[in-house]
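Below is one structure, written out as structure tokens; the observations come after it.
The values are calculated or read from the model by the stated rules, or taken from the named source; none is laboratory data. Computed from a predicted model, the values in this text were never measured in an experiment. Cβ sites come from the backbone with ideal geometry, for glycine too, and all protein chains shown count toward neighbours.
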Amino acid sequence: MNIKYFAWLGEKIGFTEEEVVLPPEVTDVGMLINWLSTRGPNFENALEFVEVIKVVVNQTYVHNDQPVKNDDEVIFIPPIAGG
């Protein structure tokens, strides 16, 4: 799976893109987020307020019950502030 972390998510995690192989128990976006949060304090911190983060799977905005698999592209997009 190719995962991209946009804006401040990438800053908090320490990189903006990675390739991962999902554990067998990770079958949807919600499980993916939970699993990512266990990968270290940088992930836990970045995903602390996950309810404001938009998730895109294969170029479509999705909810946490969206199934995921290893050949998907997943993008995490935080709210962007600016003026």
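Annotations for the structure displayed:
- Being of a type outside the set (S, T, N, Q), under 12 Å from the mean Cα position of the chain (by Cα) and part of a loop (DSSP other than H, G, I, E, B) is a property that Glu44 lacks.
- Output for segment 21-41, where each listed residue is free of Cβ contacts under 8 Å to residues at least 24 places away in the same chain and assigned to a loop (DSSP other than H, G, I, E, B): Pro23, Pro24, Glu25, Thr38, Arg39, Gly40
- Test: residue in segment 47-60 that is assigned to a helix (DSSP H, G or I), in contact (Cβ under 8 Å) with a residue 12 or more places away in the chain, under 20 Å from Leu22 (Cβ atoms) and touching a helix residue (DSSP H, G or I) at 6+ places or on another chain (Cβ under 8 Å): yes
- Condition check for Val57: at pLDDT below 95 and either under 12 Å from the mean Cα position of the chain (by Cα) or surrounded by 11 or more Cβ atoms within 10 Å (Cβ to Cβ) (or both): no
- Residue list for segment 22-59, restricted to those being in contact with a Phe, Trp or Tyr (Cβ under 7 Å, 6 or more places away or on another chain), farther than 20 Å from Glu11 by Cβ and among the polar types (S, T, N, Q): none
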